[in-house]
Amino acid sequence: MILAALAMVIIMACVAEVASQFSEPGGAYLYVRTAFGRFLGMQIGWLELLSVTTGLGALTSLFVNYLVTFLPRPLDNWERIALIAIVIAIPALANYRGVGNGARLSNLTTLAKLSPLASSRVRETRFPTRGSSVADVRIAICRAESESASVVVGA
């Protein structure tokens, strides 16, 4: 993992160096367009849009798979589609209303993600449990991830 982090540091340093050469926004599209021309710039722009859209769909589907485990009954297809639409619409509307609202929602969701982690870490440090509760949780997470992967892939 440390090697991967070091590789990412190198990549991010290269991206930061390239970004420092441009004053206008555009990201990878702008960099490739300037270096290799309009056609390849458009290819990068479309590939980036495709990857972001696909990633959003996969992560939303995974989130809904985890969320459904807390509901009293399984969802049918239409309920699942509606829940996915709601999950995507909430941050979209917050960002539509302004960058400040989007930033507040991002801070709130980050706090919501980190609070249980911090409280469980404190609880485990102060009151260690006996047995294999951590292993059981890891097994359940792996099962949920494999089920969601099969849903995303369509297996």
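Any read-out appearing in this document is the output of simple, stated calculations on the displayed coordinates, not a laboratory observation. These numbers were taken from a predicted model, which means no experiment stands behind them.
If the chain linking residue 69 and residue 6 were pulled fully straight, counting 0.36 nm for each residue of separation and taking away their Cα-Cα distance, it would gain 19.0 nm.
Please work out whether segment 1-73 counts as rounded, prolate or oblate from its C-alpha gyration tensor, where a ≥ b ≥ c are the square roots of the eigenvalues and a/c under 1.5 means rounded, while otherwise a/b larger than b/c means prolate and anything else oblate? Note, shape of segment 1-73 comes out oblate.
Remark: the residue 119-residue 13 segment gains 34.7 nm on full extension, using 0.36 nm per residue and subtracting the alpha carbon distance. Inter-part distance, segment 16-42 to segment 44-77, computed on C-alpha centroids, equals 30 Å.
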